[in-house]
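Visitor: Handing you this structure, nothing more for now.
The values are calculated or read from the model by the stated rules, or taken from the named source; none is laboratory data. No experiment lies behind these values; they were computed from the predicted model shown. No Cβ is skipped: glycine too gets one built from the backbone with ideal geometry, and neighbour counts run over all protein chains shown. Ligands, DNA and RNA are excluded from the accessible area calculation, which covers all protein heavy atoms including side chains. Shrake-Rupley method; radii C 1.70, N 1.55, O 1.52, S 1.80 Å.
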Amino acid sequence: MPRIIACFKWVMDEADIKADPKSRQLVLDRVGYKISDYDRNAIEEAVQLQEKHGGSVVGITVATPGAKPCLKDALSRGPEKACFVNDPAFENLDPSQTAAILAAAIDGKIEYDLIICGEGSSDLYAQQVGPALAEKLGIPCATYVNKLTYVEGENKVIAQRKLDDGLETVSVKLPALITVLPDLNTPRIPSLKQVLGAAKKPVDNVSLANLQQTFEPCLKTTGILAATMERRRLKFTADPEDIRKVVDSLIKEGVIA
Amino acid sequence: MAGVWILAESREPTLELLSAGIDIAAQLGVKVAAFALSSQLAEEYIKCGCDEVMLLPPLAAGQPLESYVPVIVEEALLNGPDIILIGASQRGREIAARAAAALNTGLCSGCTGLRLDQEKKQLVMERMLFGGAAVQTVVCETRPQMATIPPRTFEQAQPAEGHQGEVRQLPAAPPSPVTVVERTPKTSEAVDITEAKTVVCVGRGVGKQEDIALARELAGVLGGEVGCSRPVAEDLRWLPEELYLGISGKKVKPDLYIGVGVAGQIQHVSGIRDSKVIVGINRDENAPIFEAADYGIVGDLYDIVPKLVKEIKAALKI
Ligand SMILES: Cc1cc2nc3c(=O)[nH]c(=O)nc-3n(C[C@H](O)[C@H](O)[C@H](O)COP(=O)(O)OP(=O)(O)OC[C@H]3O[C@@H](n4cnc5c(N)ncnc54)[C@H](O)[C@@H]3O)c2cc1C
Ligand SMILES: Nc1ncnc2c1ncn2[C@@H]1O[C@H](COP(=O)(O)O)[C@@H](O)[C@H]1O
């Protein structure tokens, strides 16, 4: 019966991010937050494995205290417990810090057989925290997994990895970490009952002081500029005259010939 | 050897990173070393300007390429490179992340541009943030400075007349706890979408796999190719992986891009940003694709695409 940890990140919804075209500064005051897209697949996979094989699922996140709403969101998706590793200092962490903090919060404190991460987070998309965490914990990992089977009685998983040069199926002894692709499963949409039930599930709060370590960044961000694009943004309807106008313009621009 | 190290899965990306590495090494006054998987490749890398090649011995059967991580980490600990540039294939990304964690250093993932700050002897690296909505500039405060770099970011290094270098054999990799039980190499011979002058892109708005024929017809009259969004390739599996565009897929720069039922989320737009002209067809007038398009046509693609084909045929007299 696998004891599973699902790692999830609370991120800004990039669809809400606006930019000031002159200064190229990001305008973030109206952004909403969400569970990072592919982490919903990570949580879903953990919960499906538990439904099939028993065991347990803990969701873990590293965030600032302000990210508290993520707990209800994550718990409504099925995990029975959350570990909220939070501190005001945990803002704009670089992937090496996040991996080190996760390792410190997990190692010797949470019993596990399998850790599941997303392929990459929606904001940084560094694709680092999963494999880096495995390395810190000294456990094997399989990345870019789009099919996962837990082999009962043998304490291992069979994982199909989708790579640039084809598919690779690997066998990994547990404890291990895997990172998942979005085509692995379709995350469930929590029902109202699940949303309400989530508020009653237990949460372990872990602070920086509890970890008794410091976590220095390796990467320093020296600038963030909005990627701007000059486009004409002309709008047309499906009327034949409008379609003709579009075709004429494309010919004039020399992109149709 | 200290200096700049290069690591990539195959020949072309190694040569690309080598040209970048040679440039940086010259500015720093240090040497360039690369990892190679065969002595033949080792010879070629040296001809192309590499000062030292670290030859990785063949892996035992059933061992994935990532099994080399401990060997790479050990070499880095012994020799203290200033910089390690790694090809951003999927395996490359895993190798880089694990090596950086083992070396307690920083890694700039998916680095799209880099230059050297001569004064601080530091790489200034750029990468995309928020699905491509922003560009982040980072420096690495620890050593080695590491980056994974996507293919075709740099031109390949060319053979330099009489260039000499050394080949050093590395120890074998320890047995990996991850073992390969099956490999299915890619079979589909998808077109190279990055070469197409015109790209007609299928999004999830196309309701059925058969209806991709509509997009094919449009591409046909324009002499272009069909590409797609990530979910069309990954979730629906209607088209090969090599054809999806975006931050995690292919980056294209065609003269003309036509999105058919593509929402135009930022992760997709990041891959088509450099197109000369962008046309979006979507029935939702608030779809983000219209923010990214020169010409937006609001309506049902099943109505619009045939009309578009007809008008183009008439205009081009075909
Ligand atoms: C970390 C990360 C990386 C990602 N990388 C990529 C990437 O590289 N490439 C990529 O493409 N995506 C990527 N995505 C996914 C991306 O965020 C979007 O989910 C995806 O691009 C949406 O694909 P779509 O537009 O085909 O589908 P949808 O979002 O489902 O949009 C379909 C559109 O079709 C329109 N439509 C429906 N029916 C019709 C009709 N009959 N006529 C006209 N219009 C119609 C709808 O209005 C809608 O706008 C990534 C996501 C994450 C989190
Ligand atoms: N702050 C975090 N808390 C918990 N898990 C995280 C955090 N950041 C990243 N992860 C996990 O690591 C994966 C890869 O993140 P990244 O390296 O940022 O692309 C994510 O999909 C998550 O599963």
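Visitor: Take the Cα of B:Glu141, step 7 Å along the line toward its Cβ, and report every residue of region A:211-226 whose backbone nitrogen sits under 15 Å from that point.
Guide: A:214-223
Visitor: Using the heavy atoms of the protein chains and a 1.4 angstrom probe, tell me the accessible area per residue for region B:127-259 in square angstrom. Kindly include the intermediate steps, with their values, before the conclusion.
Guide: On the way: 6420 Å² over 133 residues.
Heavy-atom accessible area per residue stands at 48 Å².
Visitor: Just the accessible area per residue of chain A, please: how many Å² with a 1.4 Å probe?
Guide: Ligands and nucleic acids excluded, the figure is 45 Å² per residue.
Visitor: Of the cross-linked pairs A:Lys162/A:Lys193; A:Lys52/A:Lys147; B:Lys47/B:Lys121; B:Lys276/B:Lys307, which ones have a Cα-Cα span greater than 25 Å in the structure shown?
Guide: Values: A:Lys162/A:Lys193 36 Å; A:Lys52/A:Lys147 15 Å; B:Lys47/B:Lys121 27 Å; B:Lys276/B:Lys307 23 Å.
Violating the 25 Å limit, Cα to Cα: A:Lys162/A:Lys193; B:Lys47/B:Lys121.
Visitor: To the nearest hundred square angstrom, how large is the accessible surface buried between B and A, total for both chains, probe 1.4 angstrom?
Guide: Working: alone 16460 and 15050 Å², together 24680 Å².
Approximately 6800 Å² gets buried when B meets A.
Visitor: For chain B, just run the numbers: alpha carbon Rg, then divide by 2.2 N^0.38 Å, N being how many residues it has. Before the final figure, lay out each step's value.
Guide: On the way: Rg = 22.6 Å, N = 318, 2.2 N^0.38 = 19.6 Å.
That ratio works out to 1.15.
Visitor: Still on this structure, I have one more. Could I have the simple spin-label model distance between B:Gln156 and A:Thr186, label points 7 Å from Cα toward Cβ, reported in nm to one decimal?
Guide: 4.4
Visitor: Follow-up question, since we're still on this one. How large is log10 of I(q)/I(0) for region B:4-169 at q = 0.08, 0.17, 0.19, 0.20 Å⁻¹ when the intensity is taken from the Debye formula with one equal scatterer per alpha-carbon?
Guide: -0.21, -1.00, -1.27, -1.41
Visitor: So for the protein assembly as shown, taking the charge dipole from beta-carbon charges (+1 Lys/Arg, -1 Asp/Glu), which of A:Cys70, B:Pro254, A:Val57 sits furthest toward the positive end?
Guide: Selected residue: A:Cys70.
Visitor: Please label the shape of region B:1-86 as rounded, prolate or oblate, based on the square roots a ≥ b ≥ c of the eigenvalues of the alpha-carbon gyration tensor (a/c under 1.5 means rounded; beyond that, a/b larger than b/c means prolate, else oblate). Numbers along the way, then the final one.
Guide: Numbers: a/c = 2.09, a/b = 1.40, b/c = 1.49.
Oblate shape, in that a/c is at least 1.5 and b/c is the bigger or equal ratio.
Visitor: Additional query: If I take every Cα pair under 8 Å that is 6 or more residues apart in chain B, average their sequence separation and divide by the length, what percent do I get for the relative contact order?
Guide: Details: 689 pairs, mean separation 48.0, N = 318.
About 15 percent, as a whole number.
Visitor: I want to check the label-to-label distance for A:Lys52 and A:Lys200. Put each point 7 Å from Cα in the C-beta direction and report it in nm to one decimal.
Guide: 2.9
Visitor: Using only Cα atoms, tell me the angle between helix B:69-79 and the longest principal axis of chain B; keep it within 0 to 90° and round to the nearest 10.
Guide: Its long axis makes an angle of about 50 degrees.
Visitor: Can you tell me the dipole magnitude for region A:3-211 around its Cα centre, using point charges on the Cβ only (Lys, Arg +1; Asp, Glu -1), in Debye to the nearest 20? List each step's numbers first, then the result.
Guide: Numbers: 24 positive and 28 negative charges, 117 e Å.
Using Cβ point charges on Lys, Arg, Asp and Glu, region A:3-211 gives about 560 debye.
Visitor: Let me ask another. Net charge near A:Ala199, counting Lys/Arg +1 and Asp/Glu -1 over other residues with Cβ under 12 Å of its Cβ?
Guide: Working: positive: A:Lys68, A:Lys72, A:Lys193, A:Lys200, A:Lys201; negative: A:Asp73.
Summing Lys and Arg as +1 and Asp and Glu as -1 gives +4.
Visitor: Taking the Cα centre of the protein assembly as shown as the origin and placing charges on Cβ (Lys, Arg +1; Asp, Glu -1), which of A:Ile43, B:Ile72, A:Ser171 is farthest toward the positive end of the dipole?
Guide: It is A:Ile43.
Visitor: Can you give the extra length, in nm with one decimal, that the chain gains between A:Lys173 and A:Thr149 once fully stretched, where that is 0.36 nm per residue apart less the Cα-Cα distance? Don't skip to the answer; put the middle values down first.
Guide: Numbers: separation 24, 0.36 × 24 = 8.64 nm, distance 1.21 nm.
Taking 0.36 nm per residue and subtracting the Cα distance, the gain is 7.4 nm.
Visitor: At R0 = 45 Å, how high is the FRET efficiency between A:Met229 and A:Met1 if r is their beta carbon distance? Nearest 0.05 is fine. Before the final figure, lay out each step's value.
Guide: On the way: r = 51 Å, r/R0 = 1.13.
After rounding, the FRET efficiency stands at 0.30.
Visitor: Label A:Lys252 and B:Arg168 with points 7 Å out from Cα along Cα→Cβ: what is the distance between them in nm?
Guide: 6.4
Visitor: What dipole magnitude, in Debye to the nearest 20, does region B:80-213 give about its Cα centre under +1 on Lys/Arg Cβ and -1 on Asp/Glu Cβ? Before the final figure, lay out each step's value.
Guide: Values: 15 positive and 15 negative charges, 72 e Å.
That gives region B:80-213 a dipole magnitude of about 340 debye.
Visitor: Here's something else I'd like to know. Find, among the GluC sites (Glu not before Pro) in region B:130-238, those assigned to loop by DSSP (not H, G, I, E, B) with at most 13 other beta-carbon atoms within 10 angstrom.
Guide: B:Glu155, B:Glu161, B:Glu189
Visitor: Any chance you could check the Cα centroid distance between region A:184-257 and region B:238-279 for me, in angstrom?
Guide: Answer, in whole Å: 15.
Visitor: Mind putting a number on the dipole of region B:4-169 about its Cα centre? Charges go on the C-beta only, +1 for Lys and Arg and -1 for Asp and Glu, and I need it in Debye to the nearest 20. Don't jump to the answer; show the numbers that get you there.
Guide: Values: 13 positive and 20 negative charges, 74 e Å.
For region B:4-169, the charge dipole is close to 360 debye.
Visitor: Would you be so kind as to identify which of B:Gln27, B:Ala134, B:Ser39 lies farthest towards the positive end of the dipole of the protein assembly as shown, taking Lys and Arg as +1 and Asp and Glu as -1 on Cβ and the Cα centre as origin?
Guide: B:Ala134
Visitor: Continuing with the same structure: Find the accessible area per residue for region B:33-93; the probe is 1.4 Å, ligands and nucleic acids are left out, and the unit is Å².
Guide: Numbers: 2010 Å² over 61 residues.
With all protein chains present, region B:33-93 gives 33 Å² per residue.
Visitor: For chain B, what does -39500 (n - 2.57) per DSSP helix run (n ≥ 4), summed and divided by total residues, give at 222 nm, in deg cm²/dmol to the nearest 500? Could the numbers behind the result be given before it?
Guide: Values: 9 runs with 91 residues, N = 318.
Calculated from helices alone, the mean residue ellipticity at 222 nm is -8500 deg cm²/dmol.
Visitor: Follow-up question, since we're still on this one. What range in chain A is the longest one free of GluC sites (Glu not before Pro) that are in a loop by DSSP and have at most 14 other Cβ atoms within 10 angstrom? Write out the running numbers ahead of the final one.
Guide: Values: sites that count: A:Glu80, A:Glu91, A:Glu111, A:Glu152, A:Glu154, A:Glu230, A:Glu253.
That would be A:1-79.
Visitor: Hey, another quick one. Please find the FRET efficiency linking B:Lys313 to B:Lys208, where r is the Cβ-Cβ separation and R0 is fixed at 30 Å, and quote it to the nearest 0.05.
Guide: Values: r = 24 Å, r/R0 = 0.80.
Here the calculated transfer efficiency is 0.80.
Visitor: Further question: Taking a ≥ b ≥ c as the square roots of the eigenvalues of the Cα gyration tensor of chain A, is the shape rounded (a/c under 1.5), prolate (a/b larger than b/c) or oblate? Before the final figure, lay out the partial values.
Guide: Details: a/c = 1.95, a/b = 1.58, b/c = 1.24.
Prolate shape, in that a/c is at least 1.5 and a/b is the bigger ratio.
Visitor: Roughly how many whole Å is it from the C-alpha centroid of region B:96-121 to that of region A:30-90?
Guide: If we compute the Cα centre of each part, the gap is 29 Å.
Visitor: For the protein assembly as shown, what are the per-bin percents of Cα-Cα distances with bins 20 Å wide, up to the bin holding the maximum?
Guide: 20, 51, 27, 2
Visitor: Go ahead and run the numbers for FRET between B:Lys276 and B:Ser39, Cβ-Cβ distance against an R0 of 35 Å, rounding to 0.05.
Guide: Values: r = 45 Å, r/R0 = 1.28.
My answer for the efficiency is 0.20.
Visitor: Could I ask something else about it? Under 13 Å from a point 7 Å along the Cα-to-Cβ line of B:Asn79: which residues of region B:154-184 have their amide N that close?
Guide: B:165-171
Visitor: Among B:Gly162, B:Gly246, B:Gly87, determine the one that fluctuates most according to a GNM of chain B built with springs between C-alpha atoms less than 10 Å apart.
Guide: B:Gly162
Visitor: Heavy atoms only, probe 1.4 Å: what % of the accessible area of the protein assembly as shown goes to carbon and sulfur, would you let me know?
Guide: Carbon and sulfur: 50 percent of the exposed surface of the protein assembly as shown.
Visitor: Between the DSSP loop rule and a limit of at most 14 other Cβ atoms within 10 Å, which trypsin sites (Lys or Arg not before Pro) in region B:211-318 are left? Let's see the in-between values first.
Guide: On the way: sites: B:Arg216, B:Arg237, B:Lys250, B:Lys251, B:Arg273, B:Lys276, B:Arg283, B:Lys307, B:Lys310, B:Lys313, B:Lys317; in loops: B:Arg237, B:Lys251, B:Arg273, B:Lys276, B:Arg283, B:Lys317.
In loop regions of region B:211-318 (DSSP not H, G, I, E or B), the sparsely surrounded trypsin sites (Lys or Arg not before Pro) are B:Arg237, B:Lys276, B:Lys317.
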